[in-house]
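Okay, structure first, notes after.
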Amino acid sequence: MKAPAFDFTQAQSVPDAVALLADTARFTKPLAGGQSLGPMLNLRVAFPEHLIGVRQIEALRHAFIDPANGELVLGAAVRHAQIEDGLIPDVTRGLLAHVAANIAYRAVRNRGTVGGSLAHADPAADWVNTMPLLGARIVVAGPDGEREIDARTFMTGPFTTALDEPELLVAVRVPALSDAARWAYVKFCRKPGEFAEAVGGVLIDRPRAVGRLLIGATDGAPVVLEAPTELLAASSTDSQVAEHWTDDRLRAAINAAGIGHDPYVAQLHLTMARRAIVAALA
Ligand SMILES: Cc1cc2nc3c(=O)[nH]c(=O)nc-3n(C[C@H](O)[C@H](O)[C@H](O)COP(=O)(O)OP(=O)(O)OC[C@H]3O[C@@H](n4cnc5c(N)ncnc54)[C@H](O)[C@@H]3O)c2cc1C
């Protein structure tokens, strides 16, 4: 199949892109790496009339550490391969590079962008699941300026986000983990390079009072379970934090997410969560 006809304009800056996206006369969408939108056009499941190129916007192509708080500011047009190759400052003790290296195939990682992946909001996509685990914030720009959205509330359903039209996703602010932080991110794929059927993630960073477990690749937004604050006290251990996530609690979360009806699917998610716990403590 070939894509339907569309116009293309390369945006020169974020305000330029936002102004172009504000055109209500035509169905207008941003185009980043084209690794999700391209197939959708070719399969004729999307019919935008005007695509706005955003991958070449200079302000979106870089990543830097914010000296004010040590956060990583990851431009929306940073590609998965740049993170895999260690070209981005590492504030996550290797978590971002680990995740990037296991997204699809190198050809996809060479073009696909962090912002495109988050905006596309496929429940099985990796940044959609990783950013809530990290407690990152999504920075979006619109006609009235920028606003930040907690990554845990950014995805509102399958392929649906808190982005308002004509907002553009411009960056992700990733908090720096402490030296004591432990993490794990595991996924079940039928074949290497395929989208995950279930994702489990754990982040225990007690100096920052963070204890988080992720159940991802659900039918909708990822599920993030926060450990109780009292468990994250200085006197606790990482194992005590992890023990909070009993099978009963995990099953309850899986059922609440609406993915517990199929015993195979429920068991897959439970197993990924348990594997993530074991890997984080190893
Ligand atoms: C064979 C294959 C396997 C894959 N496997 C995986 C996998 O295992 N894990 C995984 O995570 N991903 C996977 N992907 C998806 C890949 O990671 C894509 O890169 C990603 O989903 C989309 O990024 P993109 O930059 O190509 O966005 P595009 O395809 O250009 O855009 C995707 C959507 O986001 C919108 N958009 C893009 N940029 C912005 C922005 N800055 N602000 C607002 N909206 C924007 C577009 O309008 C479009 O609706 C796979 C893709 C393929 C083709």
Checklist outcome for this item: When (1) crowded, with 21+ Cβ neighbours inside 10 Å; (2) assigned to a loop (DSSP other than H, G, I, E, B) are applied to Pro166, the one that fails is (1)
Next on the checklist: Given the options Ala97, Ala76, Ala119, name the one that is assigned by TED's automatic domain parsing to the domain that holds Glu148, over 24 Å from Ala221 (Cβ atoms) and either more than 7 Å from the ligand (Cβ to nearest atom) or under 15 Å from the mean Cα position of the chain (by Cα) (or both).
Outcome noted: Ala97
Next on the checklist: Can you find a residue that is among the hydrophobic types (A, V, I, L, M, F, W, C), buried (at least 16 other Cβ atoms within 10 Å of the Cβ) and part of a loop (DSSP other than H, G, I, E, B) anywhere in region 197-214?
Outcome noted: no
Item to check | Output for region 124-142, where each listed residue is within 10 Å of the ligand (Cβ to nearest atom) and either surrounded by fewer than 19 Cβ atoms within 10 Å (Cβ to Cβ) or assigned to a loop (DSSP other than H, G, I, E, B) (or both) | outcome: Ala124, Ala125
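Look at region 101-110 and say how many of its residues are near the ligand (Cβ under 6 Å from one of its atoms) and not β-branched (Val, Ile, Thr).
Residues that pass the stated criteria total 1.
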Checklist outcome for this item: Per the list (1) surrounded by 15 or more Cβ atoms within 10 Å (Cβ to Cβ); (2) without any contact (Cβ under 8 Å) to a residue 12 or more places away in the chain; (3) not aromatic (Phe, Trp, Tyr), residue check on Gly145 breaks on (1)
Item to check | Total residues in region 158-196, condition under 24 Å from Ala242 (Cβ atoms) and within 11 Å of the ligand (Cβ to nearest atom) | outcome: 2
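The values are calculated or read from the model by the stated rules, or taken from the named source; none is laboratory data. Only a predicted model underlies this, so the values are computations on that prediction, with no experimental measurement involved. Don't worry about glycine lacking a Cβ; one is built from the backbone with ideal geometry, like all the others, and counts go over all protein chains shown.
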